[in-house]
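In what follows, a single structure is set out as structure tokens and then discussed.
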Amino acid sequence: MADTKLTGKKVLMIIPPTQFRDEEFFEPKAILEREGAVVQVASTSKRTCYGMKGGVIDATLAIAEARADDYDALVLCGGSSAPEFLWNDKKLHELTAAMASQSKIVAAISLATVVLAKAKLLEGRQATVYFLPQAVQELKNAGATVSSEPLVIQDRMILAEGPRESTRFGEAILQALAS
């Protein structure tokens with residue numbers, strides 16, 4: 001097989017253990033793997049995770065075990081349980097901040113973008129989030145300017161509004177990793 005754009009790149013995708021948004025996970029994962037990236041899946045613990053539309057995937061790593069040095073990109077996926085499982089996960093905040101401080105790609109879609117706010121990465125930045133009043137308020141509280149754009153790319157940070165943007169989100173991560 002010929003080398004593809006992302007051969008040698010490692011991506012960590014984080015999902016809630018239940019009720020993750022299938023398209024926000026599976027579409028970017030397929031785009032990245034098709035171009036040669038190695039994708040590892042993490043959640044709150046090593047376990048089988050279940051999507052809102054019936055998708056199932058095994059998380060082979062617990063968030064607390066993940067190390068920023070091991071990956072080229074971090075991708076946070078949303079779903080209706082993201083507020084419960086991801087928003088206040090201190091280890092996830094630390095991992096996200098560490099990835100950003102190393103100038104690695106940090107990407108989040110839908111309700112998962114609040115993790116970046118809680119990790120103190122959005123102050124003075126444009127940001128987008130799935131429209132849930134509490135999520136919008138979290139971004140504002142973190143000093144972000146909430147954008148109506150469905151996809152926001154600033155430096156090595158990629159944010160997408162929700163499931164309809166899953167393919168564009170994956171392609172934006174691909175382009176950032178390939179450059």
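Global size of the stretch 56-121: 11.1, 32 Å for Rg and Dmax (C-alpha atoms, Rg to one decimal, Dmax whole). Farthest toward the positive end of the dipole of the stretch 1-143, out of 4, 63, 96, is the Cα of 96, where the dipole comes from beta carbon charges about the Cα centre. With the helix formula -39500 (n - 2.57) applied to DSSP H stretches of n ≥ 4, the chain reaches a computed 222 nm mean residue ellipticity of -9000 deg cm²/dmol. Its Kirkwood hydrodynamic radius, worked out from the mean inverse distance over all distinct Cα pairs, puts the stretch 116-179 at 12.0 Å. For the chain, the carbon plus sulfur part of the accessible surface works out to 48%, probe radius 1.4 Å. In order along the stretch 150-160, the phi-based Karplus estimate (6.51 cos²θ - 1.76 cosθ + 1.60, θ = phi - 60°) of 3J(HN,Hα) comes to x, 9, 10, 10, 9, 6, 10, 10, 10, 10, 10 Hz; Gly and Pro are listed as x. Residues in the chain average 44 Å² of solvent-accessible surface per residue, probe 1.4 Å, ligands and nucleic acids excluded. Under a 10 Å cutoff between Cα atoms, tell me which one of 51, 124, 36 has the largest fluctuation in the Gaussian network model of the chain. Taking springs between Cα atoms under 10 Å, the residue moving most is 124.
The values are calculated or read from the model by the stated rules, or taken from the named source; none is laboratory data. Note that the structure is a prediction, hence the values are computed from the model and not measured. Cβ: placed from backbone, ideal geometry, glycine included. Neighbour counts: every protein chain shown. Remember, those area values only see protein heavy atoms, side chains included, never the ligands or the DNA or RNA. Shrake-Rupley method; radii C 1.70, N 1.55, O 1.52, S 1.80 Å.
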